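Written out below as structure tokens is the structure these notes cover.
The values are calculated or read from the model by the stated rules, or taken from the named source; none is laboratory data. Computed from a predicted model, the values in this text were never measured in an experiment. In this analysis, Cβ positions are derived from the backbone assuming ideal geometry, glycine residues included, and neighbour counts consider all displayed protein chains.
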Amino acid sequence: MSKFTPLRRSFYAPSADIVASKLLGHWLIRNTPAGPCGGMIVETEAYLTGDPACHSYNGKTRRNAAMWGPPGHSYVYFIYGNHWCFNVVCRPAGIAEAVLVRALEPAFGLDEMRARRPVTNPHQLTNGPGKLCAAMDIDRSLDGVDLCDAGSPLFVARNPSLNSYLQQRGPVVTTTRIGITQAASLPLRFYLEGSPFISRRVRQAKLVPGSALR
């Protein structure tokens, strides 16, 4: 796995709304006995301290303990009795913010991902938080793993071709979050307009100035 360079822990130190947009274009990688699988992150949502939609809003629990840090770790939870969702933890320990990774553009380990989640339309493989977790075999056993370690079963790696990828798949757009009722008007969802793997597009989306390059 030496060819992959994990993002440094300092990358996750800012607020989740900043990290959420900066994650776009970097690689989410799942280490498996058959080799790595994963691809580029193309859609995210931020959940902030003081945000009623954030799982940490009512305090620390057994379920959300990973959210409280340290940063650069995973937070994985079960939703609707059917789907796992993967998040990256942000901010210094004790603050409890996270970024939900909503969609991925698969790039390697495709046969293994398709075996876990057979689909007719290839764009349906990882175009949603539950879908990408199913395809990459992400479940509660990966809650709290270190995303800054290339030897971890799950980590986020720097895309060395990030700028060219953002030019191809940009611009970055900002919209309100999906599937929530509380704080639903906050513009905390980010995606790459040119990616065919977005879970849901919004016609009236805000373009992020200068987002093609980073």
Next on the checklist: Scan the range 112-120 and tell me whether some residue there is modelled with pLDDT under 95 and of a type in the set (S, T, N, Q).
Outcome noted: yes
Checklist outcome for this item: Among (1) outside any strand (DSSP E or B); (2) at pLDDT 95 or above, L104 falls short only on (1)
Next on the checklist: Just the residues that are surrounded by fewer than 20 Cβ atoms within 10 Å (Cβ to Cβ), hydrophobic (A, V, I, L, M, F, W, C) and either closer than 22 Å to V173 by Cβ or at pLDDT 95 or above (or both), please, taken from the range 1-22.
Outcome noted: A13, I18
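Conditions (1) free of Cβ contacts under 8 Å to residues at least 12 places away in the same chain; (2) within 16 Å of S195 (Cβ to Cβ); (3) of a type in the set (D, E, K, R), marked per residue:
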residue: A98; (1), (2), (3): no, no, no
residue: E105; (1), (2), (3): no, yes, yes
residue: E112; (1), (2), (3): no, no, yes
residue: A115; (1), (2), (3): yes, no, no
residue: P118; (1), (2), (3): yes, no, no
residue: N121; (1), (2), (3): yes, yes, no
residue: T126; (1), (2), (3): no, yes, no
residue: L132; (1), (2), (3): no, yes, no
residue: D137; (1), (2), (3): no, no, yes
Next on the checklist: Just to verify a result, which residue in the range 187-203, among those that are part of a loop (DSSP other than H, G, I, E, B) and touching a residue at least 40 places away in the same chain (Cβ under 8 Å), is nearest to L48 (Cα to Cα)?
Outcome noted: L188
Checklist entry - Can you name every residue in the range 158-186 that is in a loop (DSSP other than H, G, I, E, B), loosely packed, with under 14 Cβ neighbours inside 10 Å and modelled with pLDDT of 95 or more? => result P160, S161
Next on the checklist: Going by what's in this entry, would P71 be described as in contact with a Cys (Cβ under 9 Å, 6 or more places away or on another chain) and either within 26 Å of Q167 (Cβ to Cβ) or of a type in the set (D, E) (or both)?
Outcome noted: no
Item to check | Residue ID - surrounded by the fewest Cβ atoms within 10 Å (Cβ to Cβ), chosen from residues in the range 47-76 that are within 17 Å of the chain's Cα centre (by Cα) and not in a loop (DSSP other than H, G, I, E, B) | outcome: V76
